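Coordinate-derived values only; no laboratory data. Just so it is clear, the structure is predicted and the values come from calculations on it, not from any experiment. Please note: Cβ atoms are built from the backbone with ideal geometry, for glycine as well, and neighbour counts cover all protein chains shown.
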Amino acid sequence: MNAENQIQGEGILEQTTKTLENINATLRQAGWSKNDIVKATVWLTSTDDFGGFNESYAAYFGNTPPPARSTVCTSLMAPKALIEIEVLAYVGE
């Protein structure tokens, strides 16, 4: 979603990239980074979108080893949403 809570992007690559940008912004606000993510849960609305999602996800983590991940296929609450990502970050005590 964008700042106006509207789904941004028509395709899986755009929506995945925007979702990861939102996660990155939230982590930065807390003083953390993607390196602190230890687990991700991903919901896709179509198994056909897995390749595009995985491409964007791999680009986001780059040379950083990606965290453990679960990916499932289901319908989502927002009708135009193709993806939802939840992450857990650990920054120590």
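Table for the structure above
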| quantity | calculated |
| --- | --- |
| Residue ID - surrounded by the most Cβ atoms within 10 Å (Cβ to Cβ), chosen from residues in region 64-93 that are closer than 16 Å to Leu20 by Cα and polar (S, T, N, Q) | Thr71 |
| Subset of region 19-35 (residues that are surrounded by fewer than 17 Cβ atoms within 10 Å (Cβ to Cβ) and either under 10 Å from the mean Cα position of the chain (by Cα) or closer than 15 Å to Glu55 by Cα (or both)) | Glu21, Asn22, Asn24 |
| Complete set of residues in region 36-50 that are under 14 Å from the mean Cα position of the chain (by Cα) and either more than 14 Å from Ala89 (Cβ to Cβ) or outside any strand (DSSP E or B) (or both) | Val42, Trp43, Leu44, Thr45, Asp49, Phe50 |
| All positions within region 2-35 that are under 25 Å from Val91 (Cβ atoms) and of a type outside the set (S, T, N, Q) | Lys18, Leu20, Glu21, Ile23, Ala25, Leu27, Arg28, Ala30, Gly31, Trp32, Lys34 |
